[in-house]
Each structure stands twice: as C-alpha cells, then as structure tokens.
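For reference, the structure discussed in these notes is given below.
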Amino acid sequence: MTRSRPQTTKTPRTGVKRVRKATASRARLDFTWDDARVTTTTTGWRFEIPVPGSGNRMWRKGRGRTYKHAEHAAHCQQAAVRFRHVTPLVGDVAVSIAWYRDRKAGDVDNRTKTTLDILSGIAYADDKQVADLRVRRVDDGSPARLVVTVDRLEAA
C-alpha cells in the first residue's frame, strides 16, 4: 500500500492554508485472507498467504512506546484466526519463502521480517527458532501471494 503526502492548498480569498488528509491508495487484491490456506508436509507446514505490507512500516513509535502498525496487526490477527488449527513446530526450523509478484515493485528483504512475524506463534512459537531462511522472488504475473514452507530441522 502506498500513501500520498498531505497536500496543502491556499484558499484564493483568505490565503489560509488548508491541509487535505493523505489518502491510502490500495492495489487490487487478487489474493486475500479468504484464499489463504495451509497444508501439511512430511516435516512441517506449507502456507499460502497474501503479501503483507513492507517491513519499513511494520512498527511505529509514539508516546514513549513502540507498537505494531494497524495494517500489520490486522494481518497478524487474520493469520491467527485463519490458521488456529495449526500446531507450532518445536525446535529449530527452516523457512522458505517464495514471493509471487503481480508487478515489479517492492523489495524482498522488506517482506521477510513481516512474514516471519505474522507466522510467529502459528508455525513456530518464536521467530528465534528460525535457523535456516531462504527467500526468492517470482515474477510470473500470477496473483500476488507468498508461499511459505516451514520445516522442522533435524538435530545434528
């Protein structure tokens, strides 16, 4: 989601500045949380989820505290409801993320942290369990989505 900056305009008669509120422009979402699904693999889980917002806007600071951005908090809540039947894996896990983009915009690294945070408490208890992480971008024109595979790592 991209945000425009507030626009200031002067009224012709009085010269007083008026500030118009910034509006959010949303891209058409072809893949929503209603389409999200999870399947079982031999060693873990495979999730298909909508693409979350950028990690640059995941956290906010204000009034002496740090808190989740409303959009990110909504993604976390929707994932928790959608995948409430999933049992978190115990021990170290390997995470593979495939980001299918519908257009060439956005950075892979900005989606990674957000995705790991959304699946924390669902696929694994805490994201400190992630011992192996692989991320790739796929530009094939299909609906934008993330395919995330979380597998249990064998003890060495």
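The values are calculated or read from the model by the stated rules, or taken from the named source; none is laboratory data. Quick caveat, the model's predicted, so the values are computed rather than measured. Don't worry about glycine lacking a Cβ; one is built from the backbone with ideal geometry, like all the others, and counts go over all protein chains shown. Only protein heavy atoms, including side chains, enter the accessible area calculation; ligands, DNA and RNA are left aside. Shrake-Rupley method; radii C 1.70, N 1.55, O 1.52, S 1.80 Å.
Applying a 10 Å radius around every beta-carbon, put 94-105, 41-52 in order of their mean neighbour count, most first. Before the final figure, lay out the partial values.
Values: 94-105: 16.2, 41-52: 18.1.
So the peptides 94-105, 41-52, ranked by packing, come out 41-52, 94-105.
How would His85, His69 line up by accessible area, probe 1.4 Å, largest first? Write out the running numbers ahead of the final one.
Working: His85 120, His69 25 Å².
Descending order: His85, His69.
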Quick one: grab the alpha carbon gyration tensor of segment 53-105, order the square roots of its eigenvalues as a ≥ b ≥ c, and give me rounded if a/c is under 1.5, else prolate or oblate depending on whether a/b is larger than b/c.
-> oblate
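Students sometimes get this wrong: rank Arg134, Arg84 by accessible area, probe 1.4 Å, all chains present, largest first. Don't skip to the end; give the middle numbers.
Details: Arg134 150, Arg84 180 Å².
The most accessible residue leads, giving Arg84, Arg134.
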Rounded, prolate or oblate: which fits segment 39-156 when a ≥ b ≥ c are the square roots of the eigenvalues of the alpha-carbon gyration tensor, with rounded for a/c under 1.5 and prolate only if a/b beats b/c?
-> oblate
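Considering only protein heavy atoms and a probe of 1.4 Å, how much of the accessible area of segment 56-156 is carbon and sulfur, as a whole percent? Don't skip to the end; give the middle numbers.
On the way: 2830 of 6010 Å².
Within segment 56-156, the accessible surface is 47 percent carbon and sulfur.
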Convex hull volume per residue for segment 32-74, taking Cα atoms only, in Å³ | 92
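How much net charge surrounds Val130 when only other residues with a Cβ under 13 Å from its Cβ are counted (Lys, Arg +1; Asp, Glu -1)? Write out the running numbers ahead of the final one.
On the way: positive: Lys113, Lys128, Arg134, Arg152; negative: Asp92, Asp117, Asp126, Asp127, Asp132, Asp151.
That sum, taken over residues with Cβ under 13 Å, equals -2.
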Directionally averaged projected area (convex hull, Cα atoms, segment 97-142), nm² | 3.5
Full-stretch length increase - Thr42, Val147 - with 0.36 nm per residue and alpha-carbon distance subtracted = 36.2 nm
